[in-house]
Amino acid sequence: MEKKLLIASMLMVFSFCVFAQKEKKMTAKEVCTVFCDLDRVPDYNYTTLLLENIDKNGKSETLEIKQYGGGDNGLKNVAFDFRTPASVRGMRVLQLEKKKKADDRWVYEPRLRQSRRIPMTERTKSFGGTEFTYNDMRVRNEDEDENTMVEDPATVTVAGRTYTSWKIKSVPYKKGEVEYAYRISWFDKKTFIPVRIEFYDNKDKMIKLYECERIDMVKGVTGIEYPLRRKNRVSNLVTGRQTVATVKDYVFDDKVSSSYFTQSWLTTGKVSGPKK
């Protein structure tokens, strides 16, 4: 099965039109397949992301990033444009989905005035200085992991809200491509969104925690309704650092210029056609 890109990890959205399948007993693979099914996300999206980095002493700094999603021939591409603070202004990241092979990822670094391809060996590193890694910025395909149902139903409370969920353990087949040994996820039975994910090392120590703290129902310009992961928190349990990702604004289902998904945009930041 082809690898599917995340339009943005914190922006995964789903239409409710196929949720009848949740009425039957589902396997871990079936749950993960629904989550990975990008046929049910907007063809195009434009969002403004706020990523607040908080150190162990409580000191914080917020990054503002413009994010564009779209594609052709059934492939999904993502472009990130870092706007503030000054230390990251002008940095751009481009993810291009490929058929039957690993997606291409590129980063433009303004201080060096050059772009470079991000190799597989660097995808475990920080995304723009946040606690998200480059690996976090895509959805792992259901056949990239061995997925096992741990508990069904399971309950989990995140940010004061209790969810009925599927609790699933996922062990990567290619362990060298990720920064953890396995993860435990709680998938909300209403939306199929993972509201809590625990990441463990090979000594069964939890090293990172992801929590979805707010889900909003929103509509695209065509009137289709989606659940949006509005606020998300990643905690590094080794360093004590956190990143809180919030969707400041969004537009779904309104065509985004294909110029964003080119090497020209990556190096110049210039767009032709409709610009958001």
Peptides 224-233, 54-63 ordered by average Cβ neighbours within 10 Å, highest first
224-233, 54-63
In the chain the accessible area split gives carbon plus sulfur, as whole percent at 1.4 Å, a share of 48
How much FRET efficiency would the formula 1/(1 + (r/R0)^6) give for K24 and R111, where r is the Cβ-Cβ distance and R0 is 41 Å, rounded to 0.05?
0.15
Amide H contacts under 5 Å for Y226, restricted to residues at least 5 apart in sequence or on another chain and with H modeled in the peptide plane, are V218, K219, G220
Which of N57, G269, M26 sits farthest toward the positive end of the charge dipole of the chain, with +1 on the Cβ of Lys and Arg and -1 on the Cβ of Asp and Glu?
G269
Peptides 203-210, 170-177, 130-137 ordered by average Cβ neighbours within 10 Å, highest first:
130-137, 203-210, 170-177
Rounded to the nearest 20 debye, what is the charge dipole size of region 69-128 about its Cα centre when +1 sits on each Lys and Arg Cβ and -1 on each Asp and Glu Cβ?
160
Pairs beyond 25 Å (Cα-Cα), from K25/K231; K169/K189; K59/K219; K66/K167; K125/K205
K25/K231; K59/K219; K66/K167
Using the heavy atoms of the protein chains alone and a 1.4 angstrom probe, what is the accessible area of the chain per residue in square angstrom?
46
Computed over region 33-191: relative contact order in percent, which uses C-alpha pairs under 8 Å that are six or more apart
12
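Taking K and R as +1 and D and E as -1, what net charge do the other residues with C-beta under 14 Å from the C-beta of V88 add up to?
Details: positive: K66, R83, R89, R92, R111; negative: E52, E61, E64, D81, E109.
Charge balance near V88 sits at 0.
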Check: the chain dipole with +1 on Lys, Arg Cβ and -1 on Asp, Glu Cβ, in debye:
580
Computed over the chain, the relative contact order (Cα-Cα under 8 Å, seq sep at least six) in percent reads 22
Starting from the Cα of K56, draw a straight line to each of the aspartates and glutamates and keep only those under 14 Å, dropping any in the same chain fewer than 8 residues away.
E131
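Give me the percent relative contact order of region 208-258, please, defined on Cα pairs under 8 angstrom at least 6 residues apart.
On the way: 79 pairs, mean separation 17.7, N = 51.
It rounds to 35 percent for region 208-258.
The values are calculated or read from the model by the stated rules, or taken from the named source; none is laboratory data. None of these values were measured; they are calculated from a predicted model. Positions of Cβ are backbone-derived with ideal geometry, glycine not excepted, and every protein chain shown enters the neighbour counts. Just the protein is used for accessible areas: all its heavy atoms, side chains included, with ligands, DNA and RNA removed. Shrake-Rupley method; radii C 1.70, N 1.55, O 1.52, S 1.80 Å.
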